[in-house]
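Visitor: Okay, handing you the structure first.
Just so it is clear, none of the values below were taken in a lab; they were calculated from the coordinates. Since this is a predicted model, take the numbers as computed values, not measurements. In this analysis, Cβ positions are derived from the backbone assuming ideal geometry, glycine residues included, and neighbour counts consider all displayed protein chains.
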Amino acid sequence: KGTKKHPRLKRLETMIAFVEGDLSREDIHLEVDQSHNDKTAGHSNMQASLFDLLDSYSSEQLDQVSTNIENTKECKNKYSKPSKKGKGGPKGKALFKGLELSDSQQGLLDELHRARKEGKENPHKGFRSEQKESLEGFIAGDLSRKDIDKMFKEKSEERLESRHERADLMMNFLETLSEEQKDTFVVNAEEVQMKTKEKREEHRQHSEKE
């Protein structure tokens, strides 16, 4: 069984395939659906197992879980690092170097950057944050499992819609590229792929030494 592909590498691979005509809009939206469904199924199973466990806990054990959550929050607030947002240029700048974009192309790219920034929540982090809120509500008796399942489904649908919108924005931009721009973009994307793989390998080797 192969290792799971990093989201950035998967995204670069998809963009190259679209530019080279190997993937259509429909193909990419199907990929978005598949990826979302796989993640959602995993999260749903995890959530069900968690609440099955909580159902078996005594009131004293639930109180301890609640205390642990509060302690985790305090620890996170105390030791969290300052945000680095606002430093440097827009992420992904290396992808678009040398493209000599027209004003309309730059406008589409800016729109894509804004959409990615607004929906920047990592799906896993977003899920963990929501899970913690659900957990607190469940322990306090404010939320039932039915309430939590409904909230999970609504949030999941919102994420899927947002991912489809960002995919369309990406393709709207890529479709405007001339043949020369496409060639440059593919070269850039392949360079970013290589650097990303190198960084991941360095990180893996560093982790193994520790």
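Visitor: Taking a 32 Å limit on the Cα-Cα distance, which of the listed pairs Lys93/Lys132; Lys39/Lys73; Lys39/Lys93; Lys39/Lys146 fall beyond it? Provide the component values of the computation, followed by the final result.
Guide: Details: Lys93/Lys132 35 Å; Lys39/Lys73 26 Å; Lys39/Lys93 28 Å; Lys39/Lys146 20 Å.
Checking Cα-Cα distances, Lys93/Lys132 exceed 32 Å.
Visitor: For region 134-199 and region 1-77, compute the distance between their C-alpha centroids and round to whole Å.
Guide: Centre-to-centre distance over Cα atoms comes out at 11 Å.
Visitor: Separate question: DSSP loop (so not H, G, I, E, B), at most 13 other Cβ within 10 Å: list which GluC sites (Glu not before Pro) in region 135-207 pass both filters. Don't skip to the answer; put the middle values down first.
Guide: Numbers: sites: Glu136, Glu154, Glu157, Glu158, Glu161, Glu165, Glu175, Glu179, Glu180, Glu190, Glu191, Glu198, Glu201, Glu202; in loops: Glu175.
Here the sparse-neighbourhood loop sites are Glu175.
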